[in-house]
Amino acid sequence: MGMSKIIGNPLRQKLLLAAAAIGMFFDGLDSSIVNVVLPQISESFVIDAGTVSWVVIIYLIMIAGLILFFGKIAERGSLRKIFLGGLLIFTLGSAACGLSPNFGLLLASRTFQGIGAAMIAAAAPLLCVTYLPKNMLGMSLGTMAMTVSLGAVAGPAIGGLLNYYLTWQWIFLVNIPIGLLALPFGLHVIPKDGTWIKQPFDFAGAALLFSTMIFEVYSLERIPHQGIADRQILLCMILGLVCAIAFLRRERSIATPLININIFASRKFTAVFLAFFIISSVYMGIFYLLPFYLQAGMQFDSALTGLYLLIPPAITAIIGIPLGKWSDRIGRRPFALAACLVLIGVSSIYLVIMPEMGRIPLLAGLILMGLFWGFAGGPAASRVVDCAPPDEEGTASSLMVTAMYLGCAIGVAVYAMTFTIATAGEGIVAFFELDAGRLMKGFHFSMMVGAVLSFVAFVLSTIVRESEKC
């Protein structure tokens, strides 16, 4: 098979790894850079905090819904095309986002950008697996994880500074020169694709799963705006349910399903999977609301907001690898439980925090957020794979990645919904029209919901013992 040819030249190995790392840096950067300017986007287009959340949600849904699809295509002989096509689409989408004159076009452009991000996220690790020797595999995949972390670490600070000295549009436009340099570089260092491998693929299942995500997440975020009895909301909820049922029925009946859903017959795996899904949702929900508190509550400018939001990913980048190695020695369960407890602590701090309390409780919460993802990003995520039934580790790995991205999207939608419900009062207003009292009411209510969800995740993590075989 043409795609399985290993690169022997050490220089070309490093160049290939660099190309894949640039792509993953893209994904990490744009997963965090937008959050810091959500208040500015809200004010620019005169929209409420719930509506502006779709700038984050739609990007994450594109990745969650399409990463399995593009991964399958790449494996069949189009790895180079998927990766370079992803870079091109991501770059064009970034340009369109930065030039969007209204919120509708911004969302359409962000959708396009998310498709490119899904292609990159699916293909970059496969470049390492396919073209690098086995003795480089651990190092190369570790490099992928590190570059994503570096992008996430740099995102808030870069976004805050770009908005402070230029405008929020530049958080997207800054991707253009990087993309224009990465594309010819990738063309030069990535081997050409081999022969296309004809294998059955569950296109219908992929479409049904993606449709389920879109319909249900849209319904979730729009309920406070239109009411649960609204015909559009009811229609979307019903369509999402129909798609979900059709997906489950199809996956049970075909020989080559997109996801082997029989893996959820394991009670232990299901509990660990749901716990990881929930904590991913809560973490991203908190990260979504924090810029609103920092800028409207604490009166920080966007540059200072970005520097504060740098604290959690910076701490995670420092402690993530050591904690991962430690969990390899003593087991994953203590770290999964610690992640849930830390998240309960974060939610509890933000449940009572007020601007007049100053920066100490804010810093305490941010530091704990960094500790949380150190516990969750490696050990808790690995526990999902560890608890898979025999010979289902590959399925569990794919589900873990999907749970992380989809969990983040649903987390933003849930926190946007709870914030909007609590601040609506006599009607939903644009974010910059909220007074301090309504802002804190919405912020505290969302954190209370997060604390409850984190406790549920703790219970789910507790019931699975380290010695038990899933």
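The values are calculated or read from the model by the stated rules, or taken from the named source; none is laboratory data. Fair warning: this is a prediction, and the values are worked out from it, not measured in the lab. Virtual Cβ from ideal backbone geometry, glycine too; neighbours counted across all protein chains shown.
Could you pull out the residue among R333, R329 that is of a type outside the set (A, V, I, L, M), within 21 Å of A451 (Cα to Cα) and either modelled with pLDDT under 90 or crowded, with 18+ Cβ neighbours inside 10 Å (or both)? It is R333. Within region 37-51, is there a residue that is at positive phi and over 23 Å from the mean Cα position of the chain (by Cα)? Yes, there is a match, as at least one residue in region 37-51 is at positive phi and over 23 Å from the mean Cα position of the chain (by Cα).
L180 falls short on exactly one of the conditions (1) outside the structural domain of L84 (by TED's automatic domain parsing); (2) closer than 29 Å to I89 by Cα, and that condition is (1). The condition (being surrounded by fewer than 22 Cβ atoms within 10 Å (Cβ to Cβ) and in a helix (DSSP H, G or I)) is satisfied by just one residue among L60, L88, L38: L88. Inspection of region 55-66 identifies at least one residue that is touching a Leu at 6+ places or on another chain (Cβ under 6 Å), aliphatic (A, V, I, L, M) and at pLDDT below 85. Consider L11 carefully, then state whether it is among the aliphatic types (A, V, I, L, M), assigned to a helix (DSSP H, G or I) and free of Cβ contacts under 8 Å to residues at least 24 places away in the same chain. So L11 passes the test. Against the test of being within 24 Å of M284 (Cβ to Cβ), modelled with pLDDT of 90 or more and under 20 Å from the mean Cα position of the chain (by Cα), the options S149, S109, S100 yield a single qualifying residue, S109.
Of the candidates F287, F273, F300, F277, the single residue that is not assigned by TED's automatic domain parsing to the domain that holds S42 and not in a helix (DSSP H, G or I) is F300.
Of everything listed in (1) of a type outside the set (A, V, I, L, M); (2) in contact (Cβ under 8 Å) with a residue 60 or more places away in the chain; (3) more than 30 Å from K441 (Cβ to Cβ), the single unmet condition for R329 is (2).
Taking the criterion of being over 24 Å from A396 (Cα atoms), without any contact (Cβ under 8 Å) to a residue 40 or more places away in the chain and in a helix (DSSP H, G or I), the residues of region 223-266 that qualify are Q226, R231, Q232, I233, L234, L235, C236, M237, I238, L239, V242.
Report whether or not A396 is of a type in the set (G, A, S), modelled with pLDDT of 80 or more and assigned to a helix (DSSP H, G or I). For A396, the condition - of a type in the set (G, A, S), modelled with pLDDT of 80 or more and assigned to a helix (DSSP H, G or I) - is not met. Annotation note: of F432, F445, the sole residue that is aromatic (F, W, Y), surrounded by fewer than 21 Cβ atoms within 10 Å (Cβ to Cβ) and at pLDDT below 90 is F432. The conditions are (1) at pLDDT 85 or above; (2) crowded, with 17+ Cβ neighbours inside 10 Å; (3) within 30 Å of S461 (Cα to Cα), and R249 fails exactly one of them. Which is it? Among (1) at pLDDT 85 or above; (2) crowded, with 17+ Cβ neighbours inside 10 Å; (3) within 30 Å of S461 (Cα to Cα), the lone unmet condition for R249 is (2).
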